[in-house]
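Following: one structure in structure tokens, then a few remarks.
The values are calculated or read from the model by the stated rules, or taken from the named source; none is laboratory data. Since the model is a prediction, treat every value here as computed from it, not as a measurement. We place every Cβ from the backbone using ideal geometry, glycine too, and count neighbours over all the protein chains shown. Surface areas here come from the heavy atoms of the whole protein model, side chains and all, with no ligands, DNA or RNA. Shrake-Rupley method; radii C 1.70, N 1.55, O 1.52, S 1.80 Å.
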Amino acid sequence: MATIVGSVMSSHVPAIGGAIAKGIQDNDYWRPFFSGFPPVREWLGKVKPDVAVMFYMDHGLNFFLDKMPTFAVGAAAEYRNADEGWGLPTQRSLEGDAPLSWHIIESLIADEFDVTTCQEMLVDHACIIPLQLLYPGGGDWPLRIVPITINHVQHPLPSPKRCYALGQAVGRALASWQDDARVVVIGTGGLSHQLDGTRAGFINKPFDLMCMDALVSDPSRLAKLSALDLVREAGAQGTELMAWIAARGALPGRVSKVHSAYHVPISNTAGAVMALANDGTALAQAA
Ligand code: DHB
Ligand code: FE
């Protein structure tokens with residue numbers, strides 16, 4: 001059985017990767033955002049996950065509007081990073097955990113989530129930037145990944161309820177895994193933002209903070225929202241909250257907040273990070 005140590009939810013704005021490349025994390029603009037991460041890294045150093053199951057959104061690198069899986073699961077031994085147009089330096093490839101991927105896929109399909117399986121998958125900024133934030137320094141990545149993408153672009157989008165249920169199904173899959181992996185479930189994206197149209201630049205701080213609170217103590221509240229509620233309240237790209245909701249669904253029991261930080265703006269977006277410990281297993285087993 002895998003041990004789920006907890007969850008990390010993080011923004012993935014491409015400009016973060018630009019700031020890392022330029023080494024300007026500590027200037028006045030970026031410090032308030034980057035300063036949210038050391039406590040999360042410290043916690044990861046204690047709970048030592050060796051696998052990250054990552055919920056995020058592909059931004060046109062693997063899937064475009066003509067072919068858009070609602071949910072796609074990677075089942076590769078390696079995931080190469082590529083830039084879908086932001087001009088970011090390409091990062092080291094990530095090691096996959098193909099046996100765990102296939103176990104999750106089999107369990108999800110048995111659970112009636114008819115996901116797309118990807119034995120080849122490139123990973124974009126939404127996967128790599130949160131990992132750069134959590135494991136900075138340019139050394140080898142210390143963990144394997146299982147990537148799971150959620151369609152947040154081409155309507156109709158999955159509902160937050162469905163994303164939450166997907167996360168719960170992934171949690172059940174992890175509970176029946178034969179090996180002893182220590183898993184952190186990562187959700188990336190958001191928070192509120194809209195990049196185009198008449199509401200470009202839209203940010204809704206009260207809604208973001210409500211979501212961050214609900215993710216700790218009452219995630220089912222978010223599962224009652226529709227995808228269009230998310231568009232209305234968080235902006236067209238605020239639908240990326242679905243990755244945070246899915247990640248929360250994978251935590252089976254009581255959770256406690258390790259750390260959270262929220263800062264507006266980074267680029268066009270409300271930047272945030274949150275780490276949740278899966279109580280009763282994570283720290284006890286790390287000790
Ligand atoms: C921005 C935010 C995103 O989530 C993204 O995928 C691309 C750009 C931004 O705010 O610049
Ligand atoms: Fe995005």
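Values as computed for the structure displayed
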quantity: Of all residues making up the range 130-150, the number that are closer than 23 Å to residue 181 by Cα and within 16 Å of ligand 1 (Cβ to nearest atom); calculated: 6
quantity: Hits in the range 170-184 (condition: more than 23 Å from residue 128 (Cα to Cα) and either within 16 Å of ligand 2 (Cβ to nearest atom) or open to solvent by 10 Å² or more (accessible area, probe 1.4 Å) (or both)); calculated: 172, 175, 176, 177, 178, 179, 180
quantity: Identity of the residue in the range 1-21, in contact with a Gly (Cβ under 9 Å, 6 or more places away or on another chain) and small (Gly, Ala, Ser), that ends up farthest from ligand 1 (Cβ to nearest atom); calculated: 7
quantity: Filtered residues of the range 22-42 (kept if more than 18 Å from residue 189 (Cα to Cα) and either of a type in the set (Val, Ile, Thr) or within 16 Å of ligand 2 (Cβ to nearest atom) (or both)); calculated: 24
quantity: Residue identified as among the β-branched types (Val, Ile, Thr), in contact with a strand residue (DSSP E or B) (Cβ under 6 Å, 6 or more places away or on another chain) and within 16 Å of ligand 2 (Cβ to nearest atom) among 146, 123; calculated: 123
quantity: Leading residue by the ranking (nearest to ligand 2 (Cβ to nearest atom)) among those in the range 238-252 that are part of a loop (DSSP other than H, G, I, E, B) and open to solvent by less than 40 Å² (accessible area, probe 1.4 Å); calculated: 250
quantity: Some residue of the range 43-55 being within 16 Å of ligand 2 (Cβ to nearest atom) and either of a type outside the set (Lys, Arg) or farther than 25 Å from residue 183 by Cβ (or both); calculated: yes
quantity: Residue match in the range 8-21 (condition: open to solvent by 50 Å² or more (accessible area, probe 1.4 Å), within 16 Å of ligand 2 (Cβ to nearest atom) and at pLDDT 95 or above); calculated: no
quantity: One residue from 235, 201, 187, 167 being surrounded by fewer than 23 Cβ atoms within 10 Å (Cβ to Cβ) and either within 16 Å of ligand 2 (Cβ to nearest atom) or of a type in the set (Gly, Ala, Ser) (or both); calculated: 201
quantity: Every residue from the range 22-56 that is out of contact with any Gly (no Cβ under 6 Å at 6 or more places or on another chain), open to solvent by less than 10 Å² (accessible area, probe 1.4 Å) and within 16 Å of ligand 1 (Cβ to nearest atom); calculated: 54, 56
quantity: Residue within the range 258-266 that is outside any helix (DSSP H, G or I), away from ligand 2 (no atom under 14 Å from the Cβ), open to solvent by 10 Å² or more (accessible area, probe 1.4 Å) and touching a Lys or Arg at 6+ places or on another chain (Cβ under 7 Å) present; calculated: yes
quantity: Residues of the range 89-121 satisfying the condition of being open to solvent by 50 Å² or more (accessible area, probe 1.4 Å) and outside any loop (DSSP other than H, G, I, E, B); calculated: 95, 99, 102, 106, 109, 110, 116, 117
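So that you can scan it fast, the table gives a plain yes or no per residue for (1) in a helix (DSSP H, G or I); (2) within 16 Å of ligand 1 (Cβ to nearest atom); (3) among the hydroxyl-bearing types (Ser, Thr, Tyr); (4) touching a helix residue (DSSP H, G or I) at 6+ places or on another chain (Cβ under 8 Å):
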residue	(1), (2), (3), (4)
152	no, yes, no, yes
156	no, no, no, yes
168	yes, no, no, yes
185	no, no, no, yes
198	no, no, yes, no
231	yes, yes, no, yes
